[in-house]
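This report refers to the structure that appears directly beneath it.
Bear in mind that the values in this text are calculations on the coordinates, not laboratory data. Not measured: the values here are computed from a predicted model. Positions of Cβ are backbone-derived with ideal geometry, glycine not excepted, and every protein chain shown enters the neighbour counts.
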Amino acid sequence: MTGQAVTAELLAVVVAMVDGRPSVLSLGEPPRLPAGPLLPSHRSLQAATRTWVEEQTGRRLGYLEQLYTFADLDREGAGELRPISVSYLGLTTPGNEPGIGGWHDWYSLLPWEDTRTDTHALDALAPHLVRWAGSDADLKPERRQRVAITFGLDGHAWQPDLVLQRYELLYESGLVPESPPEWRRPPEELALGHRMLGDHRRVLATGLARLRAKIGYRPVVFELLSPTFTLRQLQDCVEALAGRAVHTQNFRRLIEQQALVEETGEVDADTGGRPARRYRFRRQVLQERSVAGTKLPTTRSR
């Protein structure tokens, strides 16, 4: 019996804060993530990912970590060659160079994930998900529980890092255009976000979920900030990544307790009010402690 041939593809979810919005680097229309095959000349998977991102966008990556391997039989493009995609998460700053491609606000791609001030996109989905859950009498209890836990309904707390589970539930319920035609029933009035090529939006959801989970135990958020920043800018960045507001006093208390930052002696006068002190990340924290993070304090109710 002859096995199916496998081809390996590298995908990069490259994230930066652009004008205060978390954004992902994309190419073309529909937008796609930087990607390319693993070639014999590539020293490693990570090296191949860095090479393809630089060749396709002109941008060199700093922080990079492996995300997930996608090998589903029903992935787009499956045929004689079974595509296996190894995804990576890269963090950077947008820089001044024009590069190739552009930065896509990730909440224009996954609008229901931003619950900081406006939950319209999320609220609009709820009745359609509940209706789908009840469309199969045998599966109704299980489906209703999944919807409630995943989307924070029926008294369940909203869990920011369940990004992939939410996208996959929307896929299964036929509410996103990527859903199979026989499942698809997306109401026109719903804000379902900009579609990406193939399953790249699913890969993006995986990257967002990893980043949201990671900021709770490791200070990767500083990879997205300029070398010096105000505490307000730091909080805004964490809130933007998490898609939820945090309690300012609790947040600043945690930052102080963890000794993550130190004053630079400079102030930012361009705040519209009192000048704000500027800080920098204490890189020695990574050597002082094996685990350090910007844990998210209690959120404001939404």
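Derived from the Cα gyration tensor, the three semi-axes of the equivalent ellipsoid of segment 150-205 are 20, 14, 10 Å, largest first. Available extension along the chain between Arg185 and His156 is 7.8 nm, counting 0.36 nm per residue and deducting the alpha carbon span. Each part reduced to its alpha carbon centroid, segment 129-173 and segment 39-70 end up 35 Å apart.
When +1 charges are put on Lys and Arg Cβ atoms and -1 charges on Asp and Glu Cβ atoms, the dipole computed for segment 102-216 relative to its Cα centre reaches about 260 debye.
Divide the volume of the convex hull around the Cα atoms of segment 128-285 by the residue count and you get 163 Å³ per residue. Dipole magnitude for segment 229-273: computed about the Cα centre from +1 point charges on Lys and Arg Cβ and -1 point charges on Asp and Glu Cβ, it is near 320 debye.
Taking the Cβ-Cβ separation of Leu225 and Asp118 as r and a Förster radius of 41 Å, what is the calculated FRET efficiency to the nearest 0.05? That gives a FRET efficiency of 0.95.
Computed from the C-beta positions of Leu197 and Arg232 and an R0 of 45 Å, the FRET efficiency is 0.80 to the nearest 0.05. With R₀ fixed at 41 Å, the C-beta to C-beta distance from Val267 to Asp138 puts the FRET efficiency at about 0.05.
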